[in-house]
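The values are calculated or read from the model by the stated rules, or taken from the named source; none is laboratory data. Please read all numbers here as calculations on a predicted model, not as lab measurements. Because the Cβ atoms are built from the backbone with ideal geometry, glycine has one as well, and the counts that use them run over all protein chains shown. Remember, those area values only see protein heavy atoms, side chains included, never the ligands or the DNA or RNA. Shrake-Rupley method; radii C 1.70, N 1.55, O 1.52, S 1.80 Å.
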Amino acid sequence: MSTPTPIYKQLLAAIENGGLRPGDRLLETNLAQRFGVSRTPIREAIRRMEADGLVAHQPRVGAMVRVLTQQDIVELYEMRIVLEATAAQMAAKHISKSEIRALEHLNAQMMQAASDSHKVATLNRKLHHCILSAARNRFLARSQKSISHSLILLGKTTLESSERVKDVGAQHDAIIVALKSGEAETAAKMMRAHMEASLEHRLKALQIDD
């Protein structure tokens with residue numbers, strides 16, 4: 001697959017930070033004005049986003065940011081829980097001292113940036129990527145990458161309150177302790193609980209009724 005274009009990356013960022021929300025129409029003229037480009041790169045980016053499952057076409061509406069149903073979100077998180085827990089389990093066997101220090105530093109930075117939800121979300125992604133990297137498994141990394149686009153459709157982070165960030169930081173601490181001790185099963189268990197809590201907060205944030 002070709003390298004993502006700058007406009008494609010900007011559209012992804014807009015979805016991730018809430019500038020474009022699920023269900024929003026993707027009008028080429030409006031987006032071209034917004035990003036200061038012609039309609040051609042906008043059109044190409046939308047086509048690629050559709051191929052990646054980020055964009056849907058609705059009759060009499062046109063291209064729009066795909067809306068995840070409750071079932072979509074639950075299934076996505078079920079897959080994420082499996083991958084993240086497996087990554088933690090493998091990382092406990094392979095992680096280096098420098099990677100442990102990196103995780104501790106990232107988590108500390110998250111706590112310090114608790115009032116900046118965008119920065120916290122960025123640091124959180126880096127921390128989880130670090131664990132994935134420490135797993136030393138290319139096939140696992142490839143599987144995680146395959147769901148990354150769908151994760152973007154979740155939109156804004158749920159890490160928007162200091163209390164929530166504090167809870168997540170404590171969960172990260174427990175995972176890091178298990179990784180540092182080489183306790184693979186405990187690391188997997190802690191990560192699974194962490195991801196399940198994330199799903200719970202995501203559903204609450206989206207105000208989805210059972």
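Across 5 Å bins from the origin, how do the percents of Cα pairs in the range 105-210 run, short distances first? Taking every Cα pair in the range 105-210, the percentages come to 2, 11, 20, 24, 22, 14, 5, 1, 0. May I ask you to evaluate 6.51 cos²θ - 1.76 cosθ + 1.60, the Karplus curve with θ = phi - 60°, for each residue of the range 124-136 and list the ³J(HN,Hα) values in order in whole Hz, giving x for glycine and proline? For the range 124-136, the Karplus curve yields 4, 4, 4, 5, 5, 5, 4, 5, 4, 5, 5, 5, 6 Hz. The Cα atoms of the chain define a convex hull whose projected area, averaged across directions, is 12.6 nm².
The alpha carbons of the range 35-94 occupy a box of 50, 27, 17 Å along the principal axes, longest dimension given first.
Dipole size of the chain about its Cα centre, with +1 on Lys/Arg Cβ and -1 on Asp/Glu Cβ: approximately 780 debye, rounded to the nearest 20.
Grab the other residues whose beta carbon is less than 15 angstrom from that of residue 159, score K and R as +1, D and E as -1, and report the net.
Details: positive: 119, 125, 126, 156, 164, 166, 202, 204; negative: 16, 116, 160, 163, 167, 200.
Combined, the nearby Lys, Arg, Asp and Glu give +2.
Across the chain, Cα pairs under 8 Å and at least six residues apart give a relative contact order of 27 percent. The residues neighbouring residue 109, those whose beta-carbon lies less than 11 Å from its own, together hold a net charge of 0 under the Lys/Arg +1, Asp/Glu -1 convention. Taken per residue, the accessible surface of the chain reaches 55 Å², heavy atoms only and a 1.4 Å probe. Rolling a 1.4 Å probe over the protein heavy atoms of the chain, with every protein chain left in place, gives an accessible area that is 50 percent carbon and sulfur.
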